[in-house]
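FYI, it's all coordinate maths here, none of it is from the lab. The structure displayed is predicted, hence computed values, not measured ones. Every residue, glycine among them, receives a Cβ derived from its backbone with ideal geometry; neighbour counts consider all protein chains shown.
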Amino acid sequence: MSRRYLVDMHWYEKMRRYMGVNAKFQPIFSILAGDPNLYPGPIDNSPLFDNGNLRKYMLENLHYNSVPAEAWDVLLKLFGMEEGQSPVARKVSCLYCGLR
C-alpha cells in the first residue's frame, strides 16, 4: 500500500502553468513558465471540503488530483499550504501490481 495526497484540481492546474509542465510533468515550451503573475500561492484544498467534511462524489482529474508522497513533499516545500489546512492523505493499493 502506498500513500497519495489529494490536491484541488484548480490549484493543481495553476501550479502546472506556473511551472511550465504538462500533465505528466514533462517540460513544455511556455513563455509564461515562472511568471510571478502566475504563482499559484500556497496549496489550497478548501474546494474539496463542505462544512469541514471532505466532499462526496468527487472525481479524480476533475475535482482533485492525487499525487504520490514524494511529489507532495516537493509541492509542500515549494508552495506551502494555506494556513489552517491539513494534508488530505489516502492509502491506496494497486489492483494489478504483480500481474504481467
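Points to keep in mind about this one:
- Rough spin-label spacing in nm, given labels placed 7 Å along Cα→Cβ, for Asn61 and Arg3: 2.6 nm
- Reciprocal of mean inverse Cα separation for segment 2-92 (Kirkwood radius, Å): 13.7 Å
- R0 of 22 Å, Cβ-Cβ distance Asn22-Val74: FRET efficiency to nearest 0.05: 0.85
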